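Student: One structure coming up, written as structure tokens, with questions to follow.
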Amino acid sequence: MAIREIRVLGDEILTKKCREIKEVTPRIRELAEDMIDTMYEANGVGLAAPQVGILKRLVVIDIGEEDKPPYVFINPEIIESSGEQTGDEGCLSVPGKVGTVTRPMYVKAKAYDLDMNEFTVEAEGLLARAICHELDHLEGTVYVSKAEGGIREVQYADDDDEE
Ligand code: ZN
């Protein structure tokens, strides 16, 4: 297990388009494992390869659904989307900030797993948002360019009763 350095806004690599993965080599497998570790370490719900400096079409997502392993998406594509949701979004490459972004409420995505088997996922709500956000990274797009009214500091409530 290894934690990789997360690139932050201003790093040119975050603006570049990523290349398709043609074969899952041991290095790709290691990258996926490291990205999962890095995402958990940073308390994120998703991470795309360019965020750790690798311009390949690989994304990991875990929105905290119980008993579900993290998603690993290789060469993901959104093949259907519908509806709309407007809400706050953050990014591990833009620490301490959030912005309001409108995304589809539902997406169907196809991708390959680490054995290069194709699969599809139907996602709603937060998972749909996470998929859209991470796939944008593969095109060199960070959510701040889509944030309505720009980005702002995260406000932490001191008197909420969350554990
Ligand atoms: Zn992000």
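The values are calculated or read from the model by the stated rules, or taken from the named source; none is laboratory data. As the structure is a prediction and not an experimental result, all values here were calculated from the model. Positions of Cβ are generated from backbone atoms using ideal geometry, with glycine treated the same way; all protein chains shown enter the neighbour counts. To get the accessible areas, we keep the full protein, side chains included, count just its heavy atoms, and leave off ligands, DNA and RNA. Shrake-Rupley method; radii C 1.70, N 1.55, O 1.52, S 1.80 Å.
Student: Starting from segment 36-56, take each residue that is of a type in the set (Asp, Glu) and list its partners that are away from the ligand (no atom under 14 Å from the Cβ), counting only C-beta distances under 6 angstrom and pairs at least six apart or across chains.
Tutor: Here the result reads Asp37/Met1; Asp37/Ile3; Glu41/Ile3, each pair linking segment 36-56 to a residue that is away from the ligand (no atom under 14 Å from the Cβ).
Student: Sort out which residues of segment 87-102 are of a type outside the set (Asp, Glu) and either within 13 Å of the ligand (Cβ to nearest atom) or under 26 Å from Val24 (Cα atoms) (or both), and write them in order of number.
Tutor: Correct list: Gly90, Cys91, Leu92, Ser93, Val94, Pro95, Lys97, Val98, Gly99, Val101.
Student: Based on this model, can you work out whether Asp136 counts as under 16 Å from Ile74 (Cα atoms), within 16 Å of the ligand (Cβ to nearest atom) and open to solvent by 10 Å² or more (accessible area, probe 1.4 Å)?
Tutor: Spelling it out, Asp136 is indeed under 16 Å from Ile74 (Cα atoms), within 16 Å of the ligand (Cβ to nearest atom) and open to solvent by 10 Å² or more (accessible area, probe 1.4 Å).
Student: Oh, and also: Taking into account only those residues within segment 139-154 that are hydrophobic (A, V, I, L, M, F, W, C) and buried (at least 16 other Cβ atoms within 10 Å of the Cβ), which is nearest to the ligand (Cβ to nearest atom)? Before you say what the answer is, go through the steps one by one.
Tutor: Narrowing segment 139-154 to residues hydrophobic (A, V, I, L, M, F, W, C): 142, 144, 147, 151, 154.
Within this subset, residues satisfying the condition of being buried (at least 16 other Cβ atoms within 10 Å of the Cβ) are 142, 144, 147, 151.
On the way: Val142: 6, Val144: 9, Ala147: 12, Ile151: 12 Å.
The selected residue is Val142.
Student: Follow-up question, since we're still on this one. Kindly indicate whether Glu65 is modelled with pLDDT of 95 or more, of a type in the set (Asp, Glu) and away from the ligand (no atom under 16 Å from the Cβ).
Tutor: No: the conditions fail for Glu65.
Student: Right, here's the next one. Out of curiosity, is Gly99 among the small types (Gly, Ala, Ser), touching a Gly at 6+ places or on another chain (Cβ under 7 Å) and either open to solvent by 20 Å² or more (accessible area, probe 1.4 Å) or in contact (Cβ under 8 Å) with a residue 24 or more places away in the chain (or both)? I'd like the intermediate steps shown before the answer.
Tutor: Details: among the small types (Gly, Ala, Ser): yes; touching a Gly at 6+ places or on another chain (Cβ under 7 Å): yes; either open to solvent by 20 Å² or more (accessible area, probe 1.4 Å) or in contact (Cβ under 8 Å) with a residue 24 or more places away in the chain (or both): yes.
So Gly99 fits the description; yes.
Student: OK, next. For segment 104-121, which residues satisfy the criterion of being out of contact with any strand residue (DSSP E or B) (no Cβ under 9 Å at 6 or more places or on another chain) and either open to solvent by less than 70 Å² (accessible area, probe 1.4 Å) or in contact (Cβ under 8 Å) with a residue 12 or more places away in the chain (or both)? Working first, answer last.
Tutor: Quick first cut of segment 104-121, residues out of contact with any strand residue (DSSP E or B) (no Cβ under 9 Å at 6 or more places or on another chain) only: 115, 117.
Asp115, the sole residue that qualifies.
Student: Then there's this: Just the residues that are among the aliphatic types (A, V, I, L, M), in contact with a helix residue (DSSP H, G or I) (Cβ under 6 Å, 6 or more places away or on another chain) and closer than 26 Å to Thr25 by Cα, please, taken from segment 115-156.
Tutor: Selection gives nothing.
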